[in-house]
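Nothing in this text is a laboratory measurement; each read-out follows from the coordinates by a stated rule. Computed from a predicted structure; not experimentally measured. FYI the Cβ positions are ideal-geometry reconstructions off the backbone, even for glycines, and counts take in every protein chain you see.
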Amino acid sequence: YPLYQCAKNSSAIYKTRIFPPNIAKLVLRLRALVREKYEDRVVNVDKMFNVGVCNFYTENRHSVSAHRDDERWLEHNQLDKHGKPYASIIASLTIYVDNPKADSIRQFEVKNDSDGSWEKFLLEDNSVILFSNHEHRMKPLSKKNTCSNRINITFRTITDGILGLTGYSNFYRYMSIPY
């Protein structure tokens, strides 16, 4: 996660709060988008995206290594071809603080499980990417590229009960560091 990759003075503040009204409206729009894109291959859409994780990318070298978001506390709301839940849908929102120059637009890559190739998506201002437990990454920008500060909010669905509370505390542990 970007805070851990930054050698400069970094700080993080972790607070649990209810989504503000505008973010709550965004979550409703994201749910509608999931219904539209996934149609009958999704369940429990009305409970989706109960956690938002926000990262602020301020340097070209900030990146996300290849990984899958397949933790057991994420609710499986995407259905396989047999109609059984197998993956958790995630929505990723990108916002640039300033107008980004063309060479500062980040690329998000998702691995094709069938052939092992990486599909590239431009993380344009105000763009949303929906994905599930596919392996994904974001490489750092070259030092020659212009750096544009980017805010990324990923919306996830934590399962109910003690398992969900475990997952919630795990986000706290991994997404924050002391001053």
Alpha-carbon centroids, the range 81-132 and the range 26-80: separation in whole Å: 10
Packing rank of 92-99, 33-40, where each peptide gets the mean count of other beta carbons within 10 Å, highest leading: 92-99, 33-40
Ranked by how many other beta carbons lie within 10 Å on average, peptides 50-61, 136-147, 20-31 from highest: 50-61, 136-147, 20-31
Placing unit charges on C-beta atoms (Lys and Arg positive, Asp and Glu negative, everything else neutral), compute the dipole magnitude of the range 56-134 about its Cα centre in debye, rounded to 20. 120
For the range 14-69, divide the Cα radius of gyration by the Kirkwood radius and give the resulting Rg/Rh value with two decimals. 1.05
Among T58, Q107, I90, which residue has its Cα positioned farthest towards the positive end of the charge dipole of the range 45-129, with +1 placed on the Cβ of Lys and Arg, -1 on the Cβ of Asp and Glu, and the dipole taken about the Cα centre? I90
